[in-house]
1. Please work out the FRET efficiency for the pair residue 220 and residue 315, using the Cβ-Cβ distance as r and a Förster radius of 25 Å; give the result to the nearest 0.05.
2. Evaluate the relative contact order of segment 160-269 (contact order divided by residue number), counting alpha-carbon pairs under 8 angstrom at least 6 apart; express in whole percent.
3. Using 0.36 nm times the number of residues separating residue 49 and residue 263, minus their current alpha carbon distance, what extension gain do you get?
4. Residues with amide H under 5 Å of residue 100's amide H, sequence separation 5 or more or different chain, H placed in the peptide plane at 1.01 Å from N; which?
5. What are the ³J(HN,Hα) couplings of segment 111-126, residue after residue, when phi is run through the Karplus curve with 6.51, -1.76, 1.60 and θ = phi - 60°? Round to Hz, x for glycine and proline.
6. Given a 1.4 angstrom probe, what's the average accessible area per residue across segment 188-319, in square angstrom?
7. To the nearest 0.05, what FRET efficiency results for residue 277 and residue 84 with a Förster distance of 35 Å applied to their C-beta separation?
8. If you take the square roots of the eigenvalues of the alpha-carbon gyration tensor of segment 82-234 and sort them as a ≥ b ≥ c, do you get rounded (a/c under 1.5), prolate (a/b over b/c) or oblate?
Amino acid sequence: MRFMSTRMDAFPKCSVCQQQFTPKGPAPFLLPCLHAVCETCVTSAAGGVISCSTCQREVNLTDTNLQKDTVRQKVIFHLTVKHRPTELLCTNEDDGNQAVCWCQDCEELLCEYCQNMHSSVKLTRSHVVQNFCDMEPTASNIPKFCSIHKYDPLYLFDKSCKRLICARCRFEDHADHEVEKVDVAAETVTKQLEYHKNELSTLQTRYQAYMKSIRQGTKATDETHNSLKDNTRHIFQSLRSQLDQREKEILVDMENHVKKTKATHHALLTACEEDKKTCTRVLDYINKVFLFASKSDILGLERYVGEMTRTCLDTAAPQTYAVPTAVFNTNSLSKLKANVSGFGAILTMDMDGKSEIIAGVLRLMMTLWQTWK
């Protein structure tokens, strides 16, 4: 049961209605935050505004033209092939037979019978057919032909219109536009995505190091706290009744500082974990782009991926987490006895402006104990 649950959880969900995407269900559309929303939620969005429940980002559909998330569509298809292949039926003849393979050239699911026919016909025998058992992610070059000029291949990219065009389109409606070959345009964007990937990989490593340093700071706080508490009790047990009340006050003050410090660490860690998740999600999506995206897909992703990358970098964590120190401001024993009510104030050194920690007190408390002896 746990295995089945894990397989089901692998399928992407709509970031609005939380319904899992399926090959035959509503198509996923890509939000600027790189989350996906189903076509049903897009068409039924109240007031033309979609709120992503995953990251709480709102998208005004009157200002943003969402594109189909072809990368996730391919992810969904491959997950279905891997985990729920019985749901896929032959689309070549629509005979209801169980599909066993996929023709990349025809973009058709084939049953065993159609697969045999496919390989025996001269026109289709050279097609790339993948069996479900060894199917790997592949990038498709579809669409291949112009929707206006049916037999003209789409091999040009209009940088002004942000769309693929054929040679006839180039000299008709796009004559004054900046146009280049799809391969050239896609290579430029691919290099930019590689740059984003490297930046995010470096940032992800920084998050991991920063989270480790925060955890170490929390551990050091606990150790210092326990040591300070034990030594504080030992010292004040050796003092006269005049110090008893002050001992309690210091312990309470120490506990409050520790709670504040640990609460700060927890808040930092929580925020860092969320930022790391966003970084990981964007990085994972870029990896999926390289696995599944066609050149035309890549051209449409640059703005979204670039925006999310910049968002990640703008909220990047510091490379290290400095552990501050704390000291007791003490004088001689005679002066301490005269001013016992002022003894033990915890002075924290806020090294990075984000946290306080009770470090260094143990050393000074031991000095006090030696003076008292």
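The values are calculated or read from the model by the stated rules, or taken from the named source; none is laboratory data. In this text the structure is predicted, and so the values were computed from the model without any measurement. Ideal geometry is used to build each Cβ from the backbone, glycine not excepted, and the neighbour counts take in all protein chains shown. Ligands, DNA and RNA are stripped out before the accessible areas are found, and what is left, the full protein with its side chains, is counted by its heavy atoms. Shrake-Rupley method; radii C 1.70, N 1.55, O 1.52, S 1.80 Å.
1. That pair, residue 220 with residue 315, gives E of 0.45.
2. Taking the mean separation of contacting Cα pairs over the length of segment 160-269, I get 27 percent.
3. Net length gain for the segment: 73.4 nm.
4. Distant-sequence amide H within range of residue 100: 110, 111, 112.
5. In residue order, the calculated couplings are 7, 4, 5, 5, 5, 5, 5, 4, 7, 9, 8, 4, 5, 10, 5, 8 Hz.
6. Accessible surface, normalised per residue, equals 51 Å².
7. Calculated transfer efficiency: 0.85.
8. Note, shape of segment 82-234 comes out oblate.
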